[in-house]
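Trainee: Once you've had a glance at the structure underneath, I'll fire off some questions.
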Amino acid sequence: MNILFLLTDDQAYRTLGITGNDQVKTPNIDRLGQHGLVFDRHYDTTAICMGSRANLMSGMYEYKNGCNFDHGAMGTKQWSTSYPALLKEAGYRVGNAGKFGFAVKDNRNVDQRGIEGTGVKETFDVYLTKGGQCNYTTAKNKDLGTYEKENPHLTQALAAASIDFMRDAVEEGRPFCLTVGFKAPHKPLEPDPQFDHIYKNTIWKKPGNYGREAGLHLAEQSRQDRQYKRYWDEAYSTDEKYQSTLRKYHQLIYGVDVAVGKIMRGVEELGIAENTVVIYSSDNGYLLGSHGLGGKALPYEEGARAPLIIYDPRSPKRGTMRRTTSLTGNVDIAATILDVAGVGIPDVYDGKSLLPIVADEHSKVRETLPIIQVFGQEGTRCLSVINGEYKYIYWFYEGEGMKATEELFHLTKDPLEMTNLASNPEAQPVLNKMRKEYDDQVRRWAEQTIDYNGYQEYGVLLDRQVDWEIKARLIPEKDAKYIPGTKTF
């Protein structure tokens, strides 16, 4: 089977017609869902670009692949079991077009922000990409200049490059795995001007949890970084800013939809529709002013939840509109890709193949999933656990008037997360259950984490049983070593 992985950047779950947005025009992506399977409970276990993309390719949680902003690069050992590396070994023609987004390095304790390194380029037969942020102007992207004349905007250039890659694979008679890393709709919001008319007269609705007042019930820690302080002022603080932001943001997604339509027509014209599995998702969601917040990273629904669609032509149910509420995470993508290719899934993976759910939308591959936030200001760092119905968040940071805080949301009854149930006596049985799930996640972190790039200390920082005085000593001592189970270091 050929594998086509279409990955957007910063695309929130409710930005497609098929995920419930009645103001957008996304017919091509919607068509994938109408003939495949739409995942309605899909989350990025690290909801920020660099860390999420490392999760996606490695099949491992952040504390095992060791890669994110403020921490460092993925090790070559972790890269060696990534899906691109394993498919290359299996004889696939492997390509990456567009944003790659993280670093791979031999040495430890490095801080490279999205610069490709040892072992990456050698993995790919075609590497039309940039390690960090791409540029929306095609000519400003390495290796994509040949597409500039007919496709001056990056999104459409990636479509053209994708079709060329697939055509070459067909001519070579090799199965392929192509990852298309769209920059859209990531900032700066520079949509393709040929689509300026699409949302010119749209007046964008605001969700029920929009604005500062809708965030006052949340933990004080959630308001300590740029999601609250900077991004709100830049893009959402007035109705004029909100409308302008939403128009450009959705216009960028419309460009992706056009590109997806071109790529899928290319699949048909090349005669490979019957043996090409298509996966569509995003590296994280986007808050878009919900709870008075912008950006992503935080574990609330708009930031951590993302679209996921899988179309498998082998499925006897293809062509039938199907949805699933089974819980899935971005770490599951790598395992799924390997399963499609018939390549063994490494034991080190945290991800699970989603093909059982593709076969039966009522099946499950996991009961719980962590959402990791160890990026940015220390006060906003936290760990969450979700089981599909409830979400539990533990904010460990104390100081500046803040105390360690718990949040508990009933997602199926309160999808906008407007009621924190943590102090509700009637919710205590659920709270205790979610606390146990959380503690299990922290234990696994302490047992399985890499011992470099500053991840080991979180086995203590995230532990609900450890006093803040001990945690406060750990924060400035990034190389501190601790003894699991002893609460000492």
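Trainee: Hey, can you tell me all the residues within the stretch 302-325 that are farther than 19 Å from Lys364 by Cα and either hydroxyl-bearing (Ser, Thr, Tyr) or under 12 Å from the mean Cα position of the chain (by Cα) (or both)?
Mentor: Scanning the stretch 302-325 gives Glu302, Gly303, Ala304, Thr320.
Trainee: Check Ala160, Ala139 and return the single one that is part of a helix (DSSP H, G or I), open to solvent by 40 Å² or more (accessible area, probe 1.4 Å) and in contact with a helix residue (DSSP H, G or I) (Cβ under 8 Å, 6 or more places away or on another chain).
Mentor: Matching residue, one of Ala160, Ala139: Ala139.
Trainee: So, in the stretch 21-31, how many residues would count as being open to solvent by 10 Å² or more (accessible area, probe 1.4 Å) and either under 13 Å from Ile309 (Cβ atoms) or modelled with pLDDT under 95 (or both)?
Mentor: Number of matching residues: 3.
Trainee: A further question on this structure: Would a scan of the stretch 80-94 turn up a residue that is in a strand (DSSP E or B), at pLDDT 95 or above and open to solvent by 10 Å² or more (accessible area, probe 1.4 Å)?
Mentor: Scanning the stretch 80-94 turns up at least one residue that is in a strand (DSSP E or B), at pLDDT 95 or above and open to solvent by 10 Å² or more (accessible area, probe 1.4 Å).
Trainee: Would you be able to tell me the number of residues in the stretch 321-340 that are of a type outside the set (Lys, Arg) and in a strand (DSSP E or B)?
Mentor: So the answer is 3.
Trainee: Please work out which one of (1) at pLDDT below 95; (2) acidic (Asp, Glu); (3) under 21 Å from the mean Cα position of the chain (by Cα) is the condition Asp233 fails and give its number.
Mentor: The single condition Asp233 does not satisfy is (3).
Trainee: If you check Leu37, Leu56, which single one turns out to be buried (at least 24 other Cβ atoms within 10 Å of the Cβ), within 25 Å of Met264 (Cα to Cα) and over 9 Å from the mean Cα position of the chain (by Cα)?
Mentor: Answer to the selection: Leu37.
Listed here are the residues, each with its yes/no results for (1) under 17 Å from Glu417 (Cα atoms); (2) of a type in the set (Lys, Arg); (3) open to solvent by less than 50 Å² (accessible area, probe 1.4 Å).
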site: Arg212; (1), (2), (3): yes, yes, no
site: Asp225; (1), (2), (3): no, no, yes
site: Lys229; (1), (2), (3): no, yes, no
site: Tyr236; (1), (2), (3): no, no, yes
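Trainee: Taking Lys77 as meeting all but one of (1) in a helix (DSSP H, G or I); (2) touching a residue at least 24 places away in the same chain (Cβ under 8 Å), write down the number of the exception.
Mentor: Here Lys77 meets the rest and fails (2).
Trainee: Moving to a separate point now. For the stretch 376-398, which positions are in a loop (DSSP other than H, G, I, E, B), within 18 Å of Ala446 (Cα to Cα) and open to solvent by 10 Å² or more (accessible area, probe 1.4 Å)?
Mentor: Within the stretch 376-398, Arg381 is the sole residue that qualifies.
Trainee: Check the stretch 11-20 and report whether any residue there is among the hydroxyl-bearing types (Ser, Thr, Tyr), open to solvent by less than 10 Å² (accessible area, probe 1.4 Å) and under 14 Å from the mean Cα position of the chain (by Cα).
Mentor: No, there is no match, as no residue in the stretch 11-20 is among the hydroxyl-bearing types (Ser, Thr, Tyr), open to solvent by less than 10 Å² (accessible area, probe 1.4 Å) and under 14 Å from the mean Cα position of the chain (by Cα).
Trainee: Inside the stretch 19-58, can you point out the residues that are farther than 23 Å from Gly319 by Cβ and of a type in the set (Ser, Thr, Tyr)?
Mentor: Passing the criteria: Tyr43, Thr45, Thr46, Ser52, Ser58.
Trainee: Output the residue which, of all residues in the stretch 97-136 that are farther than 18 Å from Ser82 by Cα, touching a helix residue (DSSP H, G or I) at 6+ places or on another chain (Cβ under 8 Å) and in a loop (DSSP other than H, G, I, E, B), is modelled with the lowest pLDDT.
Mentor: That would be Arg113.
Trainee: May I ask you to say which residue of Tyr280, Tyr311 is open to solvent by 20 Å² or more (accessible area, probe 1.4 Å) and either touching a residue at least 12 places away in the same chain (Cβ under 8 Å) or at positive phi (or both)?
Mentor: The unique qualifying residue is Tyr311.
Trainee: In addition: Mind listing whichever residues of the stretch 198-214 are more than 15 Å from Tyr236 (Cβ to Cβ) and either outside any loop (DSSP other than H, G, I, E, B) or among the basic types (Lys, Arg) (or both)?
Mentor: Listed by number, the list holds a single entry, Lys200.
Trainee: Output the residues belonging to the stretch 231-277 that are among the polar types (S, T, N, Q) and free of Cβ contacts under 8 Å to residues at least 12 places away in the same chain.
Mentor: If the condition is that a residue be among the polar types (S, T, N, Q) and free of Cβ contacts under 8 Å to residues at least 12 places away in the same chain, then Ser237, Thr238, Ser244 are the ones that fit.
Trainee: Follow-up question, since we're still on this one. So which of Thr26, Thr81 ends up being under 21 Å from Gly285 (Cα atoms) and among the polar types (S, T, N, Q)?
Mentor: None of the other options fit; the residue is Thr26.
Trainee: Exactly one condition in (1) assigned to a loop (DSSP other than H, G, I, E, B); (2) over 27 Å from the mean Cα position of the chain (by Cα) is false for His217; which is it?
Mentor: Among (1) assigned to a loop (DSSP other than H, G, I, E, B); (2) over 27 Å from the mean Cα position of the chain (by Cα), His217 violates only (2).
Trainee: Could you identify the single residue in Lys248, Lys262 that is basic (Lys, Arg), surrounded by fewer than 24 Cβ atoms within 10 Å (Cβ to Cβ), assigned to a helix (DSSP H, G or I) and in contact with a Pro (Cβ under 6 Å, 6 or more places away or on another chain)?
Mentor: Residue meeting the stated conditions: Lys248.
Trainee: Looking at the stretch 287-316, which of its residues are of a type in the set (Ser, Thr, Tyr) and either at pLDDT below 95 or closer than 30 Å to Asn2 by Cβ (or both)?
Mentor: Those that are of a type in the set (Ser, Thr, Tyr) and either at pLDDT below 95 or closer than 30 Å to Asn2 by Cβ (or both): Tyr311, Ser315.
Trainee: Then there is this: What single numbered condition from (1) surrounded by fewer than 21 Cβ atoms within 10 Å (Cβ to Cβ); (2) part of a loop (DSSP other than H, G, I, E, B); (3) not basic (Lys, Arg) fails to hold for Glu171?
Mentor: The number of the failed condition is (2).
Trainee: Would you tally the residues in the stretch 299-329 being within 30 Å of Glu220 (Cα to Cα) and either of a type in the set (Lys, Arg) or touching a Lys or Arg at 6+ places or on another chain (Cβ under 9 Å) (or both)?
Mentor: Counting residues in the stretch 299-329 that are within 30 Å of Glu220 (Cα to Cα) and either of a type in the set (Lys, Arg) or touching a Lys or Arg at 6+ places or on another chain (Cβ under 9 Å) (or both) gives 11.
Trainee: Just wondering, is there one or more residues in the stretch 409-417 that are among the aliphatic types (A, V, I, L, M) and not in a helix (DSSP H, G or I)?
Mentor: yes
The values are calculated or read from the model by the stated rules, or taken from the named source; none is laboratory data. Values in this document were obtained by computation on a predicted structure and should not be read as measured data. Cβ coordinates were reconstructed from backbone atoms using ideal geometry, including for glycine residues, and neighbour counts include every protein chain displayed. Each accessible area value is taken on the protein alone, full model and side chains, heavy atoms only, with ligands, DNA and RNA left out. Shrake-Rupley method; radii C 1.70, N 1.55, O 1.52, S 1.80 Å.
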